[in-house]
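The values are calculated or read from the model by the stated rules, or taken from the named source; none is laboratory data. All of these numbers come straight from a predicted model, not from anything done at the bench. No Cβ is skipped: glycine too gets one built from the backbone with ideal geometry, and neighbour counts run over all protein chains shown.
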Amino acid sequence: MRILHLFTFCLLFFQINAQIDAPKREFRAVWVASVANIDYPRQPSPNSIALQEQFKTLLEQYKQVGLNAIIVQIRPTGDALYPTELAPWSKYLAGRQGLAPAPDYDPLKFMIDEAHKMGFEFHAWMNPYRATMDLDTLSLAPNHAFHAHRDWMVRYGGRFYFNPALPQVRQHINDIVKEVVTKYDVDAIHFDDYFYPYKIKDEVFPDSIDFWRYGARFSNIEDWRRSNVDSLIENISTTINEIKPYVKFGISPFGVWRNKDKDPSGSDTRAGATTYDDLYADVVKWMRLGWIDYLIPQLYWNIGFPPADHATLVGWWGSRSYERDLYIGHAAYKVQNDPQPAWNVPDEIPKQIQLNRRNALTKAALFLVQNLSLKIAWA
């Protein structure tokens with residue numbers, strides 16, 4: 001059986017007693033969000049030197065706190081932080097979508113090279129379906145998919161998404177991954193929890209016509225939606241393995257797969273949303289079938305939280321790793337920033353770290369350091 005890891009979050013620069021009795025080998029990583037300029041770049045700039053200096057400063061900070069891996073969001077909203085014919089330059093990089101930084105350089109290659117030079121792994125984080133953050137389509141570059149393939153788009157909750165039902169959309173996303181894996185020395189491809197969008201009260205996701213067109217063999221629309229996402233994940237897994245089998249494919253889903261009241265094999269939780277029933281992402285299946293190499297469920301609740309107890313979920317996910325690598329994510333951004341009293345207790349995160357280290361299935365512990373600003377990263 002492959003080593004099972006537990007992936008834990010520490011607040012960047014938040015002083016906790018996490019290093020005491022640390023295992024000899026630990027993988028420590030940070031999510032670097034580009035959407036809304038949360039982490040990098042904090043200030044968009046058309047100046048290449050300014051962008052490079054911002055990134056090198058980030059790496060130096062991460063190195064100082066003992067990290068050895070970064071998960072960088074290179075495709076936030078149907079755009080890219082690298083030159084490609086498949087998408088426009090991201091507005092979060094140079095300040096306007098479609099604008100390339102100058103002097104000319106490849107930001108992704110630069111980030112990978114700098115990260116490797118300092119001993120970091122580089123995981124390329126992509127949001128596959130999100131096309132925009134709002135309905136302002138006038139600001140989109142001419143080569144954004146909204147203009148190039150308007151029929152690929154579906155509007156929901158004040159945003160546009162690539163339609164998961166369409167085979168040509170799945171092929172497009174697969175082509176994106178193929179290009180990055182082929183051209184760049186990435187250590188992993190990473191998706192987070194955004195598949196079908198989180199449900200919005202009194203708003204129905206508009207895919208009934210697509211279900212009529214493509215879902216004839218399914219008895220209900222929910223199973224059909226899950227099949228659409230399954231196809232995407234399986235195809236990407238195959239593509240990565242055909243090109244560079246040593247490059248990992250990882251997913252970071254919402255922290256509850258299914259509640260026990262919906263499925264006896266689900267966790268003893270009462271979560272208001274689940275990755276299986278609401279986002280149509282059957283991540284347990286992907287682990288079982290070996291389509292992904294690692295999983296990072298976002299366990300953003302404190303130990304003892306009744307609807308979704310952190311400790312309960314660590315055990316539940318730990319027993320369903322299917323010989324894949326399992327990383328557990330903790331909500332360090334909630335420290336002194338959440339109504340639950342536990343997040344005002346200084347040792348909540350250290351207790352969670354020690355819980356992971358004591359877990360019988362754990363051979364090594366991982367720390368995912370998360371900036372306090374990431375409290376809005378998952379909106």
Quiz item: Among all residue pairs at least 6 apart or on different chains, which show Cβ distances below 8 Å where the first residue, located in the stretch 79-93, is over 13 Å from Glu179 (Cα atoms) and the second is acidic (Asp, Glu) and buried (at least 20 other Cβ atoms within 10 Å of the Cβ)?
Solution: Pro88/Asp79; Trp89/Asp79; Ser90/Asp79; Lys91/Asp79; Tyr92/Asp79
Exercise. Within the stretch 320-352, count every residue that is part of a helix (DSSP H, G or I) and modelled with pLDDT under 80.
Key: 1
Self-check item: Of all residues in the stretch 116-130 being assigned to a loop (DSSP other than H, G, I, E, B) and under 20 Å from the mean Cα position of the chain (by Cα), the one that is farthest from Val35 (Cα to Cα)
Solution: Phe120
Quiz prompt | Members of the stretch 295-319 found to be under 21 Å from Glu26 (Cα atoms), of a type in the set (Val, Ile, Thr) and assigned to a loop (DSSP other than H, G, I, E, B), listed by number | solution = Ile296
Quiz item: Residue check: is Val181 crowded, with 20+ Cβ neighbours inside 10 Å, of a type in the set (Val, Ile, Thr) and either at pLDDT below 95 or not in a loop (DSSP other than H, G, I, E, B) (or both)?
Solution: yes
Self-check item: In the stretch 269-296, residue surrounded by the fewest Cβ atoms within 10 Å (Cβ to Cβ) [restricted to those that are under 19 Å from Gln340 (Cβ atoms) and not aliphatic (A, V, I, L, M)]
Solution: Gly272
Quiz item: Does Arg159 satisfy the criteria of being touching a residue at least 12 places away in the same chain (Cβ under 8 Å), basic (Lys, Arg) and closer than 29 Å to Val30 by Cβ?
Solution: yes
Quiz item: Could you give every pair whose Cβ atoms fall below 6 Å, whose first residue belongs to the stretch 171-197 and is among the charged types (D, E, K, R), and whose second residue is assigned to a loop (DSSP other than H, G, I, E, B), counting only separations of at least 6 or pairs across chains?
Solution: Asp192/Ser252; Asp193/Pro253
Self-check item: Identity of the residue in the stretch 159-182, of a type in the set (S, T, N, Q) and touching an Asp or Glu at 6+ places or on another chain (Cβ under 9 Å), that ends up farthest from Ala131 (Cα to Cα)
Solution: Gln168
Quiz item: Only one of (1) farther than 15 Å from Gly78 by Cα; (2) out of contact with any strand residue (DSSP E or B) (no Cβ under 9 Å at 6 or more places or on another chain) is not met by Gly157, so which one is it?
Solution: (2)
Self-check item: Output for the stretch 131-151, where each listed residue is among the hydrophobic types (A, V, I, L, M, F, W, C), more than 19 Å from Glu85 (Cβ to Cβ) and part of a helix (DSSP H, G or I)
Solution: Leu138
Quiz item: If you scan the stretch 206-238, which residues turn out to be closer than 24 Å to Lys285 by Cα, part of a loop (DSSP other than H, G, I, E, B) and not hydroxyl-bearing (Ser, Thr, Tyr)?
Solution: Asp207, Gly215, Ala216, Arg217, Phe218, Asn220
Quiz item: Of the residues that make up the stretch 234-251, is at least one out of contact with any Asp or Glu (no Cβ under 6 Å at 6 or more places or on another chain), without any contact (Cβ under 8 Å) to a residue 40 or more places away in the chain and within 24 Å of Ile200 (Cβ to Cβ)?
Solution: no
Self-check item: Among the candidates Tyr294, Tyr300, Tyr276, Tyr280, residue that is under 30 Å from Glu242 (Cβ atoms), hydroxyl-bearing (Ser, Thr, Tyr) and touching a Gly at 6+ places or on another chain (Cβ under 7 Å)
Solution: Tyr294
Practice problem: Would you be able to tell me the number of residues in the stretch 215-233 that are within 20 Å of Ala124 (Cα to Cα) and surrounded by fewer than 17 Cβ atoms within 10 Å (Cβ to Cβ)? | Solution: 0
Quiz item: Looking at Phe195, Phe160, which one is in contact with a Leu (Cβ under 6 Å, 6 or more places away or on another chain) and surrounded by 20 or more Cβ atoms within 10 Å (Cβ to Cβ)?
Solution: Phe195
Exercise. State yes or no: is Phe27 out of contact with any Leu (no Cβ under 9 Å at 6 or more places or on another chain), of a type in the set (Phe, Trp, Tyr) and either buried (at least 17 other Cβ atoms within 10 Å of the Cβ) or farther than 20 Å from Ile173 by Cα (or both)?
Key: no
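Quick grid of which residues meet (1) surrounded by 16 or more Cβ atoms within 10 Å (Cβ to Cβ); (2) more than 17 Å from Phe160 (Cβ to Cβ):
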{"site": "Ala69", "(1), (2)": "yes, yes"}
{"site": "Asp79", "(1), (2)": "yes, no"}
{"site": "Glu121", "(1), (2)": "yes, yes"}
{"site": "Asp134", "(1), (2)": "no, no"}
{"site": "Pro142", "(1), (2)": "no, no"}
Quiz item: Which residues, counting only those in the stretch 239-257, are assigned to a loop (DSSP other than H, G, I, E, B) and surrounded by fewer than 20 Cβ atoms within 10 Å (Cβ to Cβ)?
Solution: Lys244, Pro245, Tyr246
Quiz item: Do you know which residues across the stretch 57-84 are more than 19 Å from Asp187 (Cβ to Cβ) and either in a helix (DSSP H, G or I) or in contact with a helix residue (DSSP H, G or I) (Cβ under 9 Å, 6 or more places away or on another chain) (or both)?
Solution: Thr57, Glu60, Gln61, Gln64, Pro76, Thr77, Gly78, Asp79, Pro83, Thr84
